[in-house]
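Structure first, then comments.
The values are calculated or read from the model by the stated rules, or taken from the named source; none is laboratory data. The model shown is predicted, which means the values in this text are computed figures rather than measured ones. As a convention, Cβ positions derive from the backbone with ideal geometry for all residues, glycine included, and neighbour counts pool all protein chains shown. Heads up: the accessible areas ignore ligands, DNA and RNA and are worked out on the full protein's heavy atoms, side chains in. Shrake-Rupley method; radii C 1.70, N 1.55, O 1.52, S 1.80 Å.
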Amino acid sequence: MGKRKTEGGNSKRKLSKKRTNHKHNHKHKHQKKGWTKFWIEKTKDNKVPKGKSLVFPVLISRVELFDDHTHRGKSSVIKKETEDVSNEDIAVACGASASASVPDPDPNDDLQETSKTEEKQVPDEISHNSEENSSSPEKANKIDASNRCDEEPKSVDTLDNVKDEGQEVTNEQEPPFIQIKRHQSAKGHLKSDFQDNGKELPNGDCGDGITNPFSKEEVPNKYWAQRRRLFSKFDDGVQMDKESWYSVTPEAIALHLAKRVIDMCDHGKNDKNEQSNSRKGVILDCFSGCGGNGIAFANESFKDSIGLTVCVDVDRKKLFMAAKNASIYGIDPSRIIFIEGNAVEVLGRYQNGELSTSKFDASAVSTEKYEGYSIGGYELLPPTIDVVFLSPPWGGMDYLKVGNAGYSLSKCITVDASCNGEGATINGDELLALSANAAKHKSVVYFLPKNVNGVNIGLSAWNHGYRSGLEIEQNLLNGKLKTISVYLSER
């Protein structure tokens, strides 16, 4: 009798264990293989403490993008699962905004970064040293990993600690409370059950039988296997250099960003101060590289909203590649220009969207036509710009070493302030300040890695004059978190 009881008890315990395992498996059903929790995924809504008069809202959203290129087929169809977030959603969702009448804090005050150094991680499919950019080693806008991101970060055990430390930094002026609010799109499980369960084939074969013709040191097999995800028309002769393979924005994400930028331009058409409601937007792509984002901005589908895309890079060879790629995509040469120059110098020539003639002088760069596109110097700069798109160097494949919440604008991004790469440098926080001053209505899109700290970005935006809040969007491609897009504007 006792024996049967014991057996029965064991049976119940085994059954209970199975049920527990089933629940555990069900709980993680929507989390894809290799899914890593970053700050942007784990942080929760917070409430404004009593007595806090300054509040800066940060809205977290999510977009789920898909193309039909897994490791089993071609890439041509691009769709998305979630709806876009409107600019008004930021204030509505957070229910608070900072007071514009309060004096600005000192923009030189940095956020004390806190993050826990985790296991070294290798990025899966996109590493992004720049949006696809950052130039040749001798001229590149480069990251100074030796004294910035590789510094031993302070330990932090929970996301709450990250937020608390960020919110309690003391400046001469009291910093705002960074109020986090998740948009409906960023709540709950992913909207799609998409999973690529196909076994990875050897030598970069994506299922078409074409193996990687490059050495693994030049082009890793995983990048070759997803070449049509980077450019759907890759087989038509798309050109990329070694750096572009791991830094170009996947086409689906680039097109989505272009649609969001259109929204920022369209708002300007409704401004009472606009002289003409028919004027199309002008986008300044500060770190163009081989043209992935620039080509998306100049896509024929967006011609009614975006009139001109200005692609800037210090590496002329990359601009030739970008022009060639633009021709493959049939981009109208009148809607895109390529400027050899330094992004910092170009931004410094604009104020509130207007080119300053007092700062204008022609650069010592020749102008020529290539594939029908103009490639030249600063004399090609348009008189006005509407939106600044920033995708500076992230730090190659090492950007994840600072942990899941440790990526900081001021500590992890460094760009050269001159074309020869031998002068002064500025950090990512200073780059935001320069861009906010250059763009009309401070309209800036900052393209960043997935391990950014949202509190850091919020405080940086506040320090540089933003008062309406901002949106931080998770960019998922085929069920995987790839990148982060930050949308800032003061319309």
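Mean separation of Cα pairs under 8 Å and 6 or more residues apart, divided by the residue count, gives region 400-439 a relative contact order of 31 percent. Between region 203-256 and region 402-465, what's the alpha-carbon centroid distance in Å? Centre-to-centre distance over Cα atoms comes out at 28 Å. For region 307-315, backbone phi angles converted through the Karplus equation (6.51, -1.76, 1.60; θ = phi - 60°) give residue-by-residue couplings of x, 8, 10, 9, 9, 10, 7, 7, 9 Hz, Gly and Pro being listed as x.
Taking all protein chains as shown and a probe of 1.4 angstrom, residue 419 keeps an accessible surface of around 50 Å². Heavy-atom accessible area, probed at 1.4 angstrom with all protein chains present, ranks 425, 357 as 357, 425, highest first. Amide H contacts of residue 55: 98, 99, 177, each under 5 Å away and 5 or more positions distant or on a separate chain (H built 1.01 Å from N in the peptide plane; Pro and chain starts excluded).
How big is D, in µm² s⁻¹, for region 199-254 by Stokes-Einstein at 37 °C and 0.692 mPa s if Rh is the Kirkwood radius over C-alpha pairs? Intermediate results must be reported in sequence, preceding the final value.
Working: Rh = 11.5 Å.
The calculation lands on 285 µm²/s.
Using the Karplus relation 6.51 cos²θ - 1.76 cosθ + 1.60 with θ = phi - 60°, the per-residue 3J(HN,Hα) values for region 394-410 come to 9, x, x, 8, 9, 5, 7, 5, 7, x, 7, 9, x, 7, 10, 4, 7 Hz, with x marking Gly and Pro. Annotation for residue 52 and residue 351: the two label points, set 7 Å from Cα along the Cα-Cβ direction, are 3.5 nm apart.
One decimal place: the segment residue 44-residue 364 gains 110.1 nm when fully extended, by the rule 0.36 nm per residue minus the C-alpha distance.
Within region 201-221, which residues have the backbone N less than 15 Å from the label spot 7 Å out from residue 242 along Cα→beta-carbon, could you tell me? Residues passing the 15 Å test: 214-221. Take each peptide in 174-184, 300-310, 448-458, 213-223, count the other Cβ atoms within 10 Å of every residue, and average; sorted highest first, the result is 448-458, 174-184, 300-310, 213-223.
Return the sequence-ordered ³J(HN,Hα) values of region 380-388 in whole Hz as given by the Karplus equation 6.51 cos²θ - 1.76 cosθ + 1.60 applied to θ = phi - 60°, using x for Gly and Pro. Along region 380-388, the couplings run 8, 4, x, x, 9, 9, 10, 10, 9 Hz. Full extension of the chain segment joining residue 437 with residue 211 gains 76.6 nm, where the gain is 0.36 nm per residue of separation less the Cα-Cα distance. Less than 5 angstrom separates the built amide H of residue 370 from those of 375, all sequence-distant by 5 or more or on a different chain. Averaged over residues, the count of other Cβ atoms within 10 Å places the peptides 430-438, 47-55 in the sequence 430-438, 47-55, highest first. Of the two radii for region 398-464, the radius of gyration is 0.99 times the Kirkwood radius, both from the alpha carbons; that is the Rg over Rh value.
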